[in-house]
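Participant: The structure is given below, and queries will be raised subsequently.
The values are calculated or read from the model by the stated rules, or taken from the named source; none is laboratory data. Remember, predicted model here, so these are calculated numbers, not experimental data. All Cβ positions, even for glycine, are placed from backbone atoms using ideal geometry, and neighbour counts span all protein chains on display. What goes into the accessible areas is simple: the full protein's heavy atoms, side chains included, and nothing from ligands, DNA or RNA. Shrake-Rupley method; radii C 1.70, N 1.55, O 1.52, S 1.80 Å.
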Amino acid sequence: MKSSTFLSKVISRNLLDSGVSNYRQLDMSVSAAPRQKFPIWIEVDEKQVTAKSYYTIESYKRPSSTCESGIWDSWNKLMLDMLQKHAGLFESRVYRASDLRDLFDDIPSNYVLRSRLHLIECELESDDDAAPINVKSLFCMLRFLPLLEEKHHELAFYLDDDSGQLGVSLVGHLKGGAKKTLDLVFKDDGEIFFTFMEGGEGFSRISGNSYLTDYLVNSYKFRKLINIFDY
């Protein structure tokens, strides 16, 4: 048995966000068997109880652009569910995209980016030399999917050939044929590297690193970064 430090860290912190404040120990272990469900055990007052089951988004409406709509509450619970269900992926630093099919299937069907992620899988599956996806980087990207979904018309996915870290590129067209682009690379430690470039007269470039911590309640703050593209 092998402990998933990354998974335990994220789940334990977010259980605190959900009001579970008196637990003493979180132990998340995974076996070598892929695509197997793993329980999370929490020790509370000398008794062991399993974490509650989280529900998925079932609405057929488009995700709302406001965090007040409750979209983040539903999405964060879905993220915790996916982290638990697909814990076996964290046994290795990287996996081929074909091993992530079940994970992508758990994304609600009303998300356009769900089918786009399946296209990434097909492209990499047909290329023997393609870099495998870094699982931690992938989950970092999925954390912000409701906001990325809003930009799906301008968005393209890409993969770093060396690290397997996942990135997205937003491209917009300006007057005179110029373009503006926002490139985001989701690093496996939770950081996001971003570069914004705007062409035309007075060419500008802004780049840096952003870290929103691994508390899922902070996920909506990703809008502060992605809004650079709209100015």
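Participant: For the range 113-122, give me the residue count where each residue is loosely packed, with under 14 Cβ neighbours inside 10 Å and at pLDDT 90 or above.
Facilitator: Summing the residues that are loosely packed, with under 14 Cβ neighbours inside 10 Å and at pLDDT 90 or above in the range 113-122 gives 1.
Participant: Could you list all residues from the range 186-220 that are in a helix (DSSP H, G or I) and open to solvent by 40 Å² or more (accessible area, probe 1.4 Å)?
Facilitator: So in the range 186-220, the residues in a helix (DSSP H, G or I) come out as 216-220.
Those that are in a helix (DSSP H, G or I) and open to solvent by 40 Å² or more (accessible area, probe 1.4 Å): 217, 220.
Participant: Would you check if there is a residue in the range 85-100 being in a helix (DSSP H, G or I) and at pLDDT 90 or above?
Facilitator: Within the range 85-100, the subset in a helix (DSSP H, G or I) is 85, 87-91, 97-100.
With at pLDDT 90 or above added as a condition, the list becomes 85.
The answer is yes, given that some residue of the range 85-100 is in a helix (DSSP H, G or I) and at pLDDT 90 or above.
Participant: Among the residues of the range 65-84, write down those that are loosely packed, with under 15 Cβ neighbours inside 10 Å and either at pLDDT 85 or above or in a helix (DSSP H, G or I) (or both). Write out each step before concluding.
Facilitator: Applying the first criterion (loosely packed, with under 15 Cβ neighbours inside 10 Å) to the range 65-84 yields 65-66, 68-70, 73.
Answer for the range 65-84, where residues must be loosely packed, with under 15 Cβ neighbours inside 10 Å and either at pLDDT 85 or above or in a helix (DSSP H, G or I) (or both): 68, 69, 73.
Participant: A further question follows. Output the residues belonging to the range 157-180 that are part of a strand (DSSP E or B) and either open to solvent by less than 60 Å² (accessible area, probe 1.4 Å) or closer than 20 Å to residue 227 by Cα (or both). Spell out the reasoning first.
Facilitator: Step one: list which residues in the range 157-180 are part of a strand (DSSP E or B), which gives 157-159, 166-173, 179-180.
Hits for the range 157-180 are 157, 159, 166, 167, 168, 169, 170, 171, 172, 173, 179, 180.
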